[in-house]
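Below is one structure; the comments refer to it alone.
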Amino acid sequence: MDGAMMLGLTAGTLTTAAFVPQLAKAWRSESTSDLSWGMLITFSTGVLLWLIYGVWIDSIPVILANAITLLLQAGIVHLKIKYG
């Protein structure tokens, strides 16, 4: 594995992991009132576009990071609908 791949995987891991505490907090508190729909929709759309881009350029770090982030975002959106 080359340096660029390692850097991409590390960056993707850190930015993706940043959503785990938010999802856990929303799950535990049963509250998502501090999350706006505008942010969730805009961010989720951006992540989806990054995922498509990653597939287009065949970049494993971009694909993995954005696929996992999109799943985490889907969990947050689900809780926003459920508790909103």
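List every DSSP H helix in the chain whose Cα atoms extend 20 Å or more along the helix's own long axis and whose mean Kyte-Doolittle hydropathy is at least 1.0.
Numbers: long enough: 3-17 (21 Å, 1.11); 37-57 (30 Å, 1.64); 60-83 (34 Å, 1.39).
What comes out of the filter, once short or polar helices are dropped, is 3-17, 37-57, 60-83.
The residue list Val55, Trp37, Ile68 was ranked by how far each Cα lies along the charge dipole of the chain toward its positive end, using unit charges on Cβ atoms, and Trp37 comes out on top. Centroid-to-centroid, using Cα positions, the stretch 54-84 and the stretch 8-23 are 11 Å apart. Compared with the alpha-carbon gap, the fully stretched path from Arg28 to Leu48 is longer by 4.5 nm at 0.36 nm per residue. A Cβ-based charge dipole, computed about the Cα centre of the chain with Lys and Arg at +1 and Asp and Glu at -1, lands at about 320 debye.
Throughout, read-outs are computed from the coordinates displayed, never taken from laboratory work. Keep in mind it's a predicted model, so treat the numbers as computed, not measured. We place every Cβ from the backbone using ideal geometry, glycine too, and count neighbours over all the protein chains shown.
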